[in-house]
1. Being more than 19 Å from the chain's Cα centre (by Cα) and part of a helix (DSSP H, G or I) is the filter here, so list the residues in the range 80-110 that pass it.
2. Could you tell me how many of the residues in the range 67-78 are more than 16 Å from residue 138 (Cβ to Cβ) and either surrounded by 17 or more Cβ atoms within 10 Å (Cβ to Cβ) or in contact (Cβ under 8 Å) with a residue 60 or more places away in the chain (or both)?
3. In this structure, does residue 97 turn out to be farther than 25 Å from residue 3 by Cβ and either surrounded by 12 or more Cβ atoms within 10 Å (Cβ to Cβ) or within 9 Å of the ligand (Cβ to nearest atom) (or both)?
4. Just one of 54, 34, 38 is away from the ligand (no atom under 15 Å from the Cβ), surrounded by fewer than 11 Cβ atoms within 10 Å (Cβ to Cβ) and closer than 15 Å to residue 107 by Cβ; which is it?
5. Here are 12, 29, 63, 19: which of them is part of a helix (DSSP H, G or I), more than 11 Å from the ligand (Cβ to nearest atom), closer than 25 Å to residue 136 by Cα and at pLDDT 95 or above?
6. Could you please find all residues in the range 31-46 being out of contact with any helix residue (DSSP H, G or I) (no Cβ under 9 Å at 6 or more places or on another chain) and within 19 Å of residue 124 (Cβ to Cβ)?
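The values are calculated or read from the model by the stated rules, or taken from the named source; none is laboratory data. Keep in mind that what you see is a predicted model, and the values were worked out from it rather than measured. No Cβ is skipped: glycine too gets one built from the backbone with ideal geometry, and neighbour counts run over all protein chains shown.
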Ligand code: HEM
């Protein structure tokens, strides 16, 4: 297996772990509200978040490193930046992934600085899930169009 194929596999696993967590947080865990009171749900979610805060940044870092490595095959100074639809879609994919990364950095820094995050962050995981789905579609579409 060459370096590029290995990067694709690593990238794919990181994407599965990352979006898998976001998927369950947005679509599965809300079921807790059916069986538990508000405070218990908060405690369960806080407990899960402490684990998520360790795993999230690592999977995102792996996505950026493996993605960046593959990115340099399609976008570089010798073949150009926006000359093909693959390059344009890859750049859009990169920009959407950057929004997720910036959101995570902002959210972690609020935690460290003990600051209240902006209201828009209340639905951050829902936005990440939507962006993640668009990113996956772009990842496949860029090789088809
Ligand atoms: C939330 C972040 C990201 C997610 C969920 C994600 C997800 C994916 C998925 C599912 C694929 C398809 C892999 C396959 O075909 O088996 C892919 C491919 C790719 N991604 Fe990402 N990605 C993310 C971030 C990035 C970043 C930041 C970059 C660039 C810096 C990047 C560059 C690429 C490239 C170049 C491919 C094409 C690989 C290929 O199929 O040959 N990705 N990504």
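1. Start the filter on the range 80-110 by keeping residues that are more than 19 Å from the chain's Cα centre (by Cα), which leaves 80-88.
The answer is 85, 86, 87, 88.
2. So the count comes out to 2.
3. Numbers: farther than 25 Å from residue 3 by Cβ: no; either surrounded by 12 or more Cβ atoms within 10 Å (Cβ to Cβ) or within 9 Å of the ligand (Cβ to nearest atom) (or both): yes.
For residue 97, the condition - farther than 25 Å from residue 3 by Cβ and either surrounded by 12 or more Cβ atoms within 10 Å (Cβ to Cβ) or within 9 Å of the ligand (Cβ to nearest atom) (or both) - is not met.
4. Details: 34 fails: closer than 15 Å to residue 107 by Cβ; 38 fails: closer than 15 Å to residue 107 by Cβ.
Only one candidate passes the filter, namely 54.
5. On the way: 12 fails: more than 11 Å from the ligand (Cβ to nearest atom); 63 fails: more than 11 Å from the ligand (Cβ to nearest atom); 19 fails: more than 11 Å from the ligand (Cβ to nearest atom).
Of 12, 29, 63, 19, the one residue that is part of a helix (DSSP H, G or I), more than 11 Å from the ligand (Cβ to nearest atom), closer than 25 Å to residue 136 by Cα and at pLDDT 95 or above is 29.
6. Across the range 31-46, the qualifying residues are 42, 46.
Rundown of residues vs (1) farther than 20 Å from residue 19 by Cα; (2) surrounded by fewer than 12 Cβ atoms within 10 Å (Cβ to Cβ); (3) at pLDDT 95 or above; (4) within 13 Å of the ligand (Cβ to nearest atom), yes/no style:
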residue	(1), (2), (3), (4)
45	no, no, no, no
80	yes, yes, yes, no
104	no, no, no, yes
115	yes, yes, yes, no
119	yes, yes, yes, no
128	no, no, yes, yes
